1. Could you check region 265-288 and list, in sequence order, the residues that are surrounded by fewer than 16 Cβ atoms within 10 Å (Cβ to Cβ) and either within 11 Å of the ligand (Cβ to nearest atom) or among the hydrophobic types (A, V, I, L, M, F, W, C) (or both)?
2. For region 294-315, give me each residue that is under 18 Å from Arg244 (Cα atoms) and either within 8 Å of the ligand (Cβ to nearest atom) or of a type in the set (A, V, I, L, M, F, W, C) (or both).
3. From the list Val329, Val291, Val318, Val341, which one is outside the structural domain of Ser444 (by TED's automatic domain parsing), more than 12 Å from the ligand (Cβ to nearest atom) and among the β-branched types (Val, Ile, Thr)?
4. Of all helices (runs of 4 or more DSSP H) completely enclosed by region 157-219, which ones contain at least 3 residues that are closer than 25 Å to Glu50 by Cβ and aromatic (Phe, Trp, Tyr)?
5. Which condition does Ser78 not pass, out of (1) at pLDDT below 85; (2) in contact with a helix residue (DSSP H, G or I) (Cβ under 9 Å, 6 or more places away or on another chain), if it passes all the others?
6. Hey, among His179, His165, which residue is more than 16 Å from the ligand (Cβ to nearest atom) and surrounded by 15 or more Cβ atoms within 10 Å (Cβ to Cβ)?
7. Quick check on this structure: which one of Ala359, Ala403 is among the small types (Gly, Ala, Ser) and surrounded by fewer than 19 Cβ atoms within 10 Å (Cβ to Cβ)?
Amino acid sequence: MVISTVRELNQGRKFILPPSLLAVLYIGLIASTLAATAVATPGSDSFAQEAARGMGVAAAAMLAAQFVSSGRIKALSSGVGLDVVLGFHRFAASMLLWFVALHVLAFVAPTLALGPARAGQHLLTLLTSPRMLTGVLAVAGLLAIIVASVKRDAWMKYEVWRLTHGCSALVVLALTGHHVMTTGTASFAPGLWGFWLVVFGAAGAAFAHIYVGRPLLARRVSWRLDAVTKLTPRLLEVTMTQTRGPAFSFIAGQFVWLNFRPGLTQPFDNPFSIASGPEELPRMRFLIKTVGDLTRSLPGLRPGADIGVDGPHGDLIVEGRDAGSILLVAGGVGLAPLIGVLRSLAAQGDKRPIRCIYAAGAPGNLVYADEMRRLESQLNLVNFFTVDEAPPDWAGGAGPIDATLIRRALDSLDRDHTLALICGPTPMMIATADMIAEEGVPLSGIVYERFAYD
Ligand SMILES: Cc1cc2nc3c(=O)[nH]c(=O)nc-3n(C[C@H](O)[C@H](O)[C@H](O)COP(=O)(O)OP(=O)(O)OC[C@H]3O[C@@H](n4cnc5c(N)ncnc54)[C@H](O)[C@@H]3O)c2cc1C
């Protein structure tokens, strides 16, 4: 499914790398690492040795690239979408582990012909050799990082995971750097050291940008909490106003990282979509569902509290896209960015046909429904409310979003030029996107935002 297209957009989104260029850069990094190694070091007669060396240097380059694909570099995530970047980050981590395993196995492969005992002995000698220490520690660290990432939710708090993930990745990078620059045939070429210094230096710079640069930039701006209002037992409206720093700007539908403990920088910030339009600035509104430690603590915050804002990010926007008509599909708290889009379109007096499907568990969970009904007279808007549990007096739809409802919403719209923005639980978004595509809306016109990256 196409999640977003790449466009030249304004407000902090000036430098965006297209997905095809990202793929070329990634493959180019690995290819140039192999080429630099081949040119700078003498070849070996043994195919296994050559393969082991190739796998090793490729894995080291892939590790460095992981720092750039960790999700906070806007030039990357604005082009393909943050969830795609993080999905790639996870996929590349497992590929990296395979390359490391093959790197080790290729060294042992020639002794396999002499029997498993001999190969085992060789492997043990290799791994316990003092000059292999940093390499072995790097592999152990990598394994620990991957296992902790998979088991994250069961083992630790999200913030603890994020902090340890970043710091331990930096240690693994340093160990790998030492290993490739001091061990094996690929290490003795001073020309290669320059190459590795650039590659590892870029990875370190990405880390510094994420953990130091961006938080420092965010400190130039400060926001004051106005109110936290309970809309339903689990949905809060949080409003805040900018009090200091260069005027904040964003496009309706984008999200920011909010830090409710601004004394602490990374990793104590969480992503939330802006539920208001830029026309309301310097005030912003958020619709937040209470799910865990941070979101449950929000009602306890006092008005006037400082809030850190890092952003804007994200691509769930109308501006700059082919949108003769607009279909918004929200599930539960997924309404947050889409009500921001609606409010912004209303403030601009937009005349395009807009259809909005909003699904929730029960009528009482449909927040802002009255406001959305009022907007029908201000915009060319038709709302379709649907709930899982419909009481007898409920006038809206019942049951999940299905093809019939999508067809009704798209009725009379020019599907070729309809932009569909979807936000809600991931299975609902995937099913809805497929149904919209089956109704003839081009894939490039279907965009969604995930609230979870797993
Ligand atoms: C792009 C985007 C926009 C979002 N917009 C909204 C919104 O408008 N309204 C809303 O209610 N929720 C939104 N979310 C989800 C929101 O970020 C999480 O629900 C919130 O961070 C949970 O924090 P917690 O400590 O209360 O819960 P926890 O129990 O700590 O976390 C629950 C889950 O939320 C995710 N999460 C937790 N902390 C972070 C973090 N620091 N960074 C990234 N993910 C985290 C993890 O998947 C975790 O398993 C959005 C998420 C994303 C990715």
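1. Here is the first cut: in region 265-288, the residues surrounded by fewer than 16 Cβ atoms within 10 Å (Cβ to Cβ) are 279, 281-283.
The answer is Leu281, and nothing else.
2. Our first condition is that a residue be under 18 Å from Arg244 (Cα atoms); within region 294-315, this holds for 303-312.
Across region 294-315, the qualifying residues are Ala305, Ile307, Val309.
3. Working: Val329 fails: outside the structural domain of Ser444 (by TED's automatic domain parsing); Val291 fails: more than 12 Å from the ligand (Cβ to nearest atom); Val341 fails: outside the structural domain of Ser444 (by TED's automatic domain parsing).
Exactly one of Val329, Val291, Val318, Val341 is outside the structural domain of Ser444 (by TED's automatic domain parsing), more than 12 Å from the ligand (Cβ to nearest atom) and among the β-branched types (Val, Ile, Thr), namely Val318.
4. Working: elements: 158-182, 190-208, 214-219.
In region 157-219, 190-208 are the helices (runs of 4 or more DSSP H) which contain 3 or more residues that are closer than 25 Å to Glu50 by Cβ and aromatic (Phe, Trp, Tyr).
5. For Ser78, the exception is condition (2).
6. Working: His165 fails: more than 16 Å from the ligand (Cβ to nearest atom).
None of the others qualify; the one that does is His179.
7. Values: Ala359 fails: surrounded by fewer than 19 Cβ atoms within 10 Å (Cβ to Cβ).
The unique qualifying residue is Ala403.
The values are calculated or read from the model by the stated rules, or taken from the named source; none is laboratory data. Computed from a predicted model, the values in this text were never measured in an experiment. Every residue, glycine among them, receives a Cβ derived from its backbone with ideal geometry; neighbour counts consider all protein chains shown.
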